[in-house]
Amino acid sequence: MSIDLPATPAPVGPPPPFDSELAAALTLMGEMPAFTLEMLPAMRQGVTLPHEELSRDGAFLVEDRTVPGPAGEPDISLLICRPAEVTTPLPAIYHTHGGGMIIGDNRTGIPDMLDIARELQLVVVSVEYRLAPEHPHPAPVEDCYAGLTWTAEHAEELGIDPDRIVVGGTSAGGGLAAAIALLARDRGGPALIGQLLLCPMLDDRNDTPSALQMAGVGVWDHSANETGWTALLGDRRGGPDVSPYAAPARATDLSGLPPAFIDVGSAETFRDEDVAYASRIWQAGGRAELHVWPGGFHGFDLLAPQAMVSQDAKAARVRWLRRLLDA
């Protein structure tokens with residue numbers, strides 16, 4: 001008689017090696033300090049990009065617009081960048097910025113979005129959402145969703161084609177983009193054409209093999225990830241009752257979502273949760289394009305934009321968007 005023994009989890013090996021160009025960039029940046037909430041005041045004192053810089057020598061018309069927030073909550077600010085020379089309705093990227101749910105503003109990550117927008121002739125709308133820990137879930141995602149619904153309702157005024165809105169973001173912004181895609185599906189909200197999820201932060205449990213591999217290594221390691229999720233969720237982090245609108249990896253149903261582009265580095269915390277999210281979209285009958293960039297650390301294309309793998313990653317996003325918008 002045979003006896004079925006319980007499966008033993010495969011041991012987690014050392015971190016995958018970094019791409020040689022990216023490893024050199026990490027060396028130049030020096031050792032990353034352990035990330036704590038006590039560092040937030042200093043980290044939040046970033047430089048705000050002025051309209052003159054965002055306009056790209058007049059290529060974009062740039063404005064800040066205050067619009068209604070969630071019901072009963074404060075108004076929110078949208079940064080709106082429109083190609084100056086185009087008068088017909090254009091596709092749009094509705095952008096949710098990164099920063100681990102705890103830092104950043106609606107200008108964070110915008111230069112890369114404007115690069116894409118200039119090449120493909122897109123409007124960029126970037127939302128300023130309330131940050132944890134002062135404003136835990138659901139404040140950030142509800143702010144993002146309120147801005148999305150306002151953008152869709154005012155598409156004509158903004159020169160946007162309401163049938164061609166893509167939600168997108170990097171890291172925490174990628175997680176928020178995935179979450180508002182779920183909200184739009186579940187609330188009968190704006191009909192999105194796609195979701196651009198760049199190294200998205202999706203799973204509060206922080207227990208995948210890649211999360212364990214990257215403890216103390218690279219950018220946004222296991223400890224930093226725990227800090228960010230705890231700021232958002234408090235003692236609910238990792239527990240049984242976390243909402244999928246906080247951590248999209250918790251969603252039990254990924255059907256009926258707009259096509260997704262998901263990319264991530266092979267040497268970063270979010271690798272396995274992002275691969276699993278793409279796989280689950282396919283299993284639900286959806287469309288997803290997945291790229292795992294060899295040797296990439298978290299945010300490698302932002303911190304080492306001239307590396308060949310960074311250039312490849314940026315080009316793949318543009319190609320996907322072009323196919324999506326031309327379909």
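The values are calculated or read from the model by the stated rules, or taken from the named source; none is laboratory data. Source: prediction; values computed, not measured. Every residue, glycine as well, gets a Cβ built from its backbone with ideal geometry; the counts of neighbours run over all protein chains shown.
Surrounded by fewer than 10 Cβ atoms within 10 Å (Cβ to Cβ) and not in a helix (DSSP H, G or I): does that describe D64? No: the conditions fail for D64.
Every residue, every condition in (1) at pLDDT below 85; (2) exposed (fewer than 14 other Cβ atoms within 10 Å of the Cβ); (3) of a type outside the set (A, V, I, L, M, F, W, C), yes or no:
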site	(1), (2), (3)
P16	no, no, yes
A24	no, yes, no
T27	no, yes, yes
G30	yes, yes, yes
T36	yes, yes, yes
L40	no, no, no
R56	no, no, yes
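In a residue-by-residue description of the range 45-53, the property of being within 23 Å of G147 (Cβ to Cβ), crowded, with 18+ Cβ neighbours inside 10 Å and not hydroxyl-bearing (S, T, Y) applies to no position. Among the residues of the range 103-125, those identified as surrounded by 23 or more Cβ atoms within 10 Å (Cβ to Cβ) and in contact with a helix residue (DSSP H, G or I) (Cβ under 6 Å, 6 or more places away or on another chain) are V124, V125. For the range 301-320, the condition of being touching a Ser or Thr at 6+ places or on another chain (Cβ under 8 Å), buried (at least 17 other Cβ atoms within 10 Å of the Cβ) and among the hydrophobic types (A, V, I, L, M, F, W, C) holds for at least one residue. Would you point out the residue of the range 269-291, among those that are surrounded by fewer than 17 Cβ atoms within 10 Å (Cβ to Cβ) and of a type in the set (A, V, I, L, M), that is nearest to P248 (Cα to Cα)? Checking each candidate, the answer is A276. Being of a type in the set (D, E), buried (at least 19 other Cβ atoms within 10 Å of the Cβ) and in contact with a Ser or Thr (Cβ under 7 Å, 6 or more places away or on another chain) is true of D221.
Residues in the range 75-84 that are in contact (Cβ under 8 Å) with a residue 12 or more places away in the chain and surrounded by fewer than 16 Cβ atoms within 10 Å (Cβ to Cβ): A84 alone. Screening A71 on (1) under 23 Å from the mean Cα position of the chain (by Cα); (2) assigned to a loop (DSSP other than H, G, I, E, B) shows it passes everything except condition (1).
Based on what the data block shows, is G188 at pLDDT 95 or above, within 20 Å of V123 (Cα to Cα) and of a type in the set (G, A, S)? Taking the combined requirement at face value, the residue does not satisfy it. For D207, the conditions (1) buried (at least 19 other Cβ atoms within 10 Å of the Cβ); (2) charged (D, E, K, R); (3) out of contact with any Pro (no Cβ under 9 Å at 6 or more places or on another chain) all hold with the exception of (1). Taking the range 233-279 as the range and being assigned to a helix (DSSP H, G or I), closer than 28 Å to H135 by Cα and in contact with a Leu (Cβ under 9 Å, 6 or more places away or on another chain) as the test, the residues that pass are P248, A249, R250, E273, D274, Y277. Restricting attention to the range 195-211, does a residue exist that is in a loop (DSSP other than H, G, I, E, B), over 24 Å from W293 (Cα atoms) and among the charged types (D, E, K, R)? No.
Within the range 86-101, none of the residues are within 22 Å of L202 (Cβ to Cβ), among the β-branched types (V, I, T), part of a loop (DSSP other than H, G, I, E, B) and out of contact with any His (no Cβ under 9 Å at 6 or more places or on another chain). Of the listed requirements (1) within 21 Å of the chain's Cα centre (by Cα); (2) of a type in the set (G, A, S); (3) under 23 Å from P162 (Cα atoms), G98 misses just one: (3). Sort out for me the helices (runs of 4 or more DSSP H) sitting completely within the range 9-56 that have 1 or more residues that are charged (D, E, K, R). Result: 20-29, 51-54.
For every residue, the table says whether it meets (1) over 21 Å from W320 (Cα atoms); (2) without any contact (Cβ under 8 Å) to a residue 24 or more places away in the chain; (3) small (G, A, S); (4) touching a Cys at 6+ places or on another chain (Cβ under 6 Å).
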| position | (1), (2), (3), (4) |
| --- | --- |
| L183 | yes, no, no, no |
| G189 | yes, no, yes, no |
| L192 | no, no, no, no |
| S210 | yes, no, yes, no |
| T227 | yes, no, no, no |
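Within the range 280-311, track down each residue that is farther than 18 Å from L120 by Cβ and in a helix (DSSP H, G or I). Once the filter is applied, which keeps residues that are farther than 18 Å from L120 by Cβ and in a helix (DSSP H, G or I), the range 280-311 yields R280, I281, W282, Q283, F300, L302, L303, M308, V309, S310.
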